[in-house]
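> Attaching a single structure in structure tokens format; questions to follow.
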Amino acid sequence: MIVYLESSAVLAWLLGEIEGDAVRAILEQAERVVTSSLTRVECCRALARARILGRISATEELAALDLLELAETRWDVHDLSDRVLLRASAPFPSEPVRTLNAIHLATAALVLEGFGRVSVLTLDERIRVNTVGMGLGVVPEL
């Protein structure tokens, strides 16, 4: 299975949330993991926010960042290309879609063009709905 990895799933895994085990299992089984360069930015910002709000310690933040950096060495990370941004500007099946989610959906759509099949690994309901509407697979089953 080729998996497009969206930030909500990465954060659940990095923060040890309940869904994180399912995310990790899917990542371990995937033949290829693809994500956007946006994912790193979103995850770093979310981890910093969690530390500042007292949800995690500085040590936990550093450990999560180290884990993210290591994992990224095994992922195909796609840049925010003009093609991605153009597709992100177009309508999606279930509007409204926030800008960062549109970038993830657009990147996943381009991955589908390149590989002919892809499942989006996300916990975000708006992305899940649009993923199905775009003809992409979605995991995990919730």
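The values are calculated or read from the model by the stated rules, or taken from the named source; none is laboratory data. The shown structure was predicted, so the numbers you read here are calculated from the model rather than taken from an experiment. Glycine also receives a Cβ, built like all others from the backbone with ideal geometry; neighbour counts cover every protein chain displayed.
> Within segment 80-107, which residues are in a loop (DSSP other than H, G, I, E, B) and surrounded by 11 or more Cβ atoms within 10 Å (Cβ to Cβ)? If you could, list the steps in order and put the result at the bottom.
Pass one, segment 80-107, residues in a loop (DSSP other than H, G, I, E, B): 80-81, 90-98.
Within segment 80-107, Leu80, Ser81, Phe92, Pro93, Ser94, Val97, Arg98 qualify.
> Would you be able to tell me the number of residues in segment 37-94 that are under 19 Å from Glu6 (Cβ atoms), free of Cβ contacts under 8 Å to residues at least 40 places away in the same chain and among the charged types (D, E, K, R)?
Final tally of qualifying residues: 7.
> Under the condition of being at pLDDT below 95 and in a helix (DSSP H, G or I), which residue from segment 112-131 is nearest to the chain's Cα centre (by Cα)?
Leu112
> I'd like the residue in segment 41-56 that is in contact with a helix residue (DSSP H, G or I) (Cβ under 7 Å, 6 or more places away or on another chain) and of a type outside the set (A, V, I, L, M, F, W, C) and, out of all such residues, is farthest from Ala108 (Cα to Cα).
Arg51
> Report yes if Glu19 is among the acidic types (Asp, Glu) and either in contact with an Asp or Glu (Cβ under 9 Å, 6 or more places away or on another chain) or without any contact (Cβ under 8 Å) to a residue 40 or more places away in the chain (or both), otherwise no.
Values: among the acidic types (Asp, Glu): yes; either in contact with an Asp or Glu (Cβ under 9 Å, 6 or more places away or on another chain) or without any contact (Cβ under 8 Å) to a residue 40 or more places away in the chain (or both): no.
In short, no.
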